[in-house]
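These notes concern the structure reproduced below.
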Amino acid sequence: FSSQYLYMDEIPTYDVIYPVEINGEHVGAINIGFAMETVNATVSKTVYTISMVGVAIVILLSAILFRGSSYAIRIINRLKNQMNEMAKGDFVIKNSDNIKTANDEFGEITQAVATMKSSVRTVLESVIDRSYALASQSEELTSTTHQSAAAADQAARAVEDIARGAAAQASDTE
């Protein structure tokens, strides 16, 4: 049983009565009175301590979350810049990025982007090389075609000359 009352009509007191039993037989009770000033001071101190620990935990968690999100945003911005460079046709791989070595998901994504950049660059270089080869072969074919056309033109003139000569001879023989 417990209750609160004013001890000597001045001091708030919390009174606890605890029954005492010996060998299962009720032999009396112990009455303990705590001055509420001490109890309230202890409760206030406990609430203050819990509040300060809570504030410290919130500040610590905020700092951890801020650092983690700043790291993620920084890497995402770097990846975005690399993608923009690729969109503009710049496929040069820059070795200054230290995020490739990170042993987390961002490092894996960055490595995948670098691999993609290298692969696209290799494909483009191959297409450019083949385009140059095709252009060279096209020029050779055009030159050969012009030479063939000139030879055909000369052959046509020679045939015309022969035909005129044969016509002139036929008319002379008549």
Note to self: Return the residues of region 79-116 that are in a helix (DSSP H, G or I), among the basic types (Lys, Arg) and modelled with pLDDT under 85; say none if nothing qualifies.
What the structure shows: Lys100
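Quick grid of which residues meet (1) out of contact with any helix residue (DSSP H, G or I) (no Cβ under 7 Å at 6 or more places or on another chain); (2) exposed (fewer than 10 other Cβ atoms within 10 Å of the Cβ); (3) within 30 Å of Arg78 (Cα to Cα):
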site	(1), (2), (3)
Thr115	yes, no, yes
Arg121	yes, no, yes
Ala149	yes, no, no
Glu160	yes, no, no
Ala163	yes, no, no
Ala166	yes, no, no
Ser171	yes, yes, no
Check: Would region 5-15 turn up any residue that is polar (S, T, N, Q) and either open to solvent by 80 Å² or more (accessible area, probe 1.4 Å) or free of Cβ contacts under 8 Å to residues at least 12 places away in the same chain (or both)?
Finding: no
Notebook entry, point to check: Among the residues of region 131-147 satisfying the criterion of being open to solvent by 100 Å² or more (accessible area, probe 1.4 Å) and either at pLDDT 95 or above or not charged (D, E, K, R) (or both), which is farthest from Phe91 (Cα to Cα)?
Noted result: Gln147
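Could you tell me whether Ser44 is farther than 29 Å from Pro12 by Cβ, open to solvent by less than 80 Å² (accessible area, probe 1.4 Å) and modelled with pLDDT of 90 or more?
Values: farther than 29 Å from Pro12 by Cβ: no; open to solvent by less than 80 Å² (accessible area, probe 1.4 Å): yes; modelled with pLDDT of 90 or more: yes.
Against the criterion (farther than 29 Å from Pro12 by Cβ, open to solvent by less than 80 Å² (accessible area, probe 1.4 Å) and modelled with pLDDT of 90 or more), Ser44 does not qualify.
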Notebook entry, point to check: What is the one condition in (1) open to solvent by 60 Å² or more (accessible area, probe 1.4 Å); (2) over 30 Å from Glu125 (Cα atoms); (3) not in a loop (DSSP other than H, G, I, E, B) that Val20 does not satisfy?
Noted result: (1)
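Any residue in region 59-76 that is modelled with pLDDT of 80 or more, exposed (fewer than 10 other Cβ atoms within 10 Å of the Cβ) and within 30 Å of Glu125 (Cα to Cα)? If you could, list the steps in order and put the result at the bottom.
Restricting attention to region 59-76, the residues satisfying the condition of being modelled with pLDDT of 80 or more are 59-76.
With the extra rule that they be exposed (fewer than 10 other Cβ atoms within 10 Å of the Cβ), the set shrinks to none.
Within region 59-76, none of the residues are modelled with pLDDT of 80 or more, exposed (fewer than 10 other Cβ atoms within 10 Å of the Cβ) and within 30 Å of Glu125 (Cα to Cα).
The values are calculated or read from the model by the stated rules, or taken from the named source; none is laboratory data. Because the structure is predicted, anything quoted here is derived from the model rather than measured. Please note: Cβ atoms are built from the backbone with ideal geometry, for glycine as well, and neighbour counts cover all protein chains shown. All accessible areas refer to the heavy atoms of the entire protein, side chains included, with ligands and DNA or RNA removed. Shrake-Rupley method; radii C 1.70, N 1.55, O 1.52, S 1.80 Å.
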